[in-house]
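The next block holds one structure in the form of structure tokens; read it before the comments.
The values are calculated or read from the model by the stated rules, or taken from the named source; none is laboratory data. It should be emphasised that the depicted structure is a prediction, and the values quoted were computed from it without experimental measurement. Backbone-built Cβ (ideal geometry, glycine too); neighbour counts: all protein chains shown. Remember, those area values only see protein heavy atoms, side chains included, never the ligands or the DNA or RNA. Shrake-Rupley method; radii C 1.70, N 1.55, O 1.52, S 1.80 Å.
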Amino acid sequence: MKLAGLTIASFFVSAAIYHVHSRSFFFLGHFQFYALFWCVWLAHAAGLLFYSVILWPKYLSPLRRLPEPTEGRSWWNGYGQRAFFGAKGEPVAQWNRSLRNDGIFRYLDVLNIERVAVTSPELVGQVLARIQDFEQSHNLFRLAMPILGPGIVLINGEEHKRQRKLLAPLLATKEIRKLDSIFWDKSLELLQKVTDVVSKTASATGFSEPICVDHYAGHVTLDGISKAALGVDFESLKNPDSAIVSNYRGVFEPTAIFRFIAVCKIFFPRWLSESIPLQRVKEAKRAIELIHNVCRTSATTKMRLNANKDLTTPDLISCLIRDRGVTDEEELVTHSMQMLGAGHETVGVGITWGVYEFCRQAQWQKDIRAEDAASKRLHVRVPALLAPVGQIGRMTAHDTVLHDQLIPKGTTIHVSIRSFNRNPVNWGADAGEFKPERWLRRDEVTGDLVYVPNGGALTKQALMTFIHGGRDCIGRVFARSEMLHVLATLIGRFEFVLTDLSYMDETTIPVSGAGFAYKPRDNIHVHARQISGW
Ligand code: HEM
């Protein structure tokens, strides 16, 4: 928009200057006019850049009085490099620990664009509750809309409300139970795959060659969500190299090119970013086309079946058609894409971190096999505690006030889930330590372990993994159930150890800054050994 405005303004200014000097209206055929136009355009662009990179953030913005980190900050690019390469949510978590603040601070991002980080339970609660003031990030919309369509995760306002009302009941506990058989089937298929690898590659100690957890977690969850949401099995466990699977999974590879393309999508028009001559761009386009076709075919087949009263499958799209009367094909494709987008990578990354955490805590692997109901409930919560989505963004829909601070329209607000889940205000002085045993208590009378639902949290909404408020994750029951099935079967049959023991220290694991999920950049590899008797 800014680029178009700049060009139009430069055109008229150059035309006016040219006319004053030459007294002619026929400037379009003259070389001098174009030379003048580019000079004016460049002068405008430099002025605009100076204003937005220096003048506004440093001398004019009402946000400049908020506390902010300054150590190691570039004078023109703020913490842009860190934001580009770093893991989502981690910088805000670190600044929240080191910077004196009242639950709200500012930091400068790429080209000194201002970001507001909100960290205290009260302010985070307000940002998540006031969804008309703090909308879904427009950058996320620009990035994901061409892939996922105008669906619930990306849109705002009345249409968001309508879609949420339509979809949320389909993901309630009662409905998710109907999908259990899908989760079991897929977990067993995965188990067989890993069993094959272990029996083929086991050494004298019984441990297998390195197994890439991300690979299997990504495939089992792609199959799970495609079957449960669309009623179509992508069969990625069976055929990981099929066109649809390899292209689609490639879209989520958190490489530097991924990030570069994402930035281009934010700053440049869609036609331009989509015509970048990179293999990755072509593959992504191909993957989206393939998936769209699958979603469309599935929707039309189901609508036909429904017309004959033959639609009996429990998947979400079938429920939308049969029980909620949705018959618009385009809308069904959008819902399918949103479910695939929201419910695949997130759960896959959750399972990866779950296996990682079990490797760090060998005793838990034994506990879970001991079938203690309370510790089982605790341990399957582990991936959720680790927060597969590190941070969310919101954008102010208009000038608004938060904590007596005026926040201009269009400002991006960041809530670091990583920071919130480990904030002493929420969990006490030992918040930084990963202690899932917070969720367990020994009953004084019976001596049994009892599961404590809120984990002894000091504030009501301390666990932010699925966030809270009017845009909280409607897929949380689905996610927990799928993770439970997959992890319980894996840990039940295998003992896992990390291949790289330096990774026992969580802080040594490089995490990708690309993509939506808080994903290990170089994957997690483990050795697996089959437990006798399982
Ligand atoms: C461990 C796995 C998951 C995690 C950590 C997770 C986390 C989140 C988070 C943090 C949000 C808020 C995003 C934002 O507002 O920017 C969200 C929204 C959402 N999630 Fe999940 N999610 C998970 C799995 C799922 C699954 C399996 C589904 C669907 C089957 C799903 C469907 C959705 C939808 C539709 C929204 C948008 C809700 C709205 O805007 O009203 N999620 N999720």
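Of all positions in the stretch 319-328, none carries a residue that is over 15 Å from the mean Cα position of the chain (by Cα) and within 10 Å of the ligand (Cβ to nearest atom). Mind listing just one residue for me: the one in the stretch 135-163 that is away from the ligand (no atom under 12 Å from the Cβ) and outside any helix (DSSP H, G or I) and, of those, farthest from residue 398 (Cα to Cα)? So the residue we want is 149. Residues that are of a type in the set (D, E, K, R) and under 17 Å from residue 408 (Cβ atoms) occur in the stretch 40-62; there is at least one. One residue stands out among those in the stretch 403-440 that are among the hydrophobic types (A, V, I, L, M, F, W, C) and within 13 Å of the ligand (Cβ to nearest atom): the one that is nearest to residue 114 (Cα to Cα), which is 413.
Checked against the criterion of being touching a Leu at 6+ places or on another chain (Cβ under 8 Å), β-branched (Val, Ile, Thr), open to solvent by less than 20 Å² (accessible area, probe 1.4 Å) and closer than 23 Å to residue 518 by Cβ, the candidates 92, 127 yield just one match: 127.
Hey, does the stretch 232-251 have a residue that's touching a residue at least 24 places away in the same chain (Cβ under 8 Å) and of a type in the set (S, T, N, Q)? Yes, the stretch 232-251 has at least one match. Residues that are surrounded by fewer than 12 Cβ atoms within 10 Å (Cβ to Cβ), modelled with pLDDT of 80 or more and on the phi < 0 side of the Ramachandran plot within the stretch 427-447 comprise 429, 430, 442, 443, 444, 445, 446, listed in sequence order. The C-beta contact set for the stretch 142-158 (first residue under 19 Å from residue 284 (Cα atoms), second residue in a loop (DSSP other than H, G, I, E, B) and away from the ligand (no atom under 13 Å from the Cβ), distance under 9 angstrom, 6+ apart or interchain) is empty.
With respect to being crowded, with 16+ Cβ neighbours inside 10 Å, outside the structural domain of residue 339 (by TED's automatic domain parsing) and within 23 Å of the chain's Cα centre (by Cα), residue 419 fits the description. Listed by position, the helices (runs of 4 or more DSSP H) enclosed by the stretch 326-371 that each have at least 2 residues that are under 18 Å from residue 434 (Cα atoms) and open to solvent by 20 Å² or more (accessible area, probe 1.4 Å) are 362-369.
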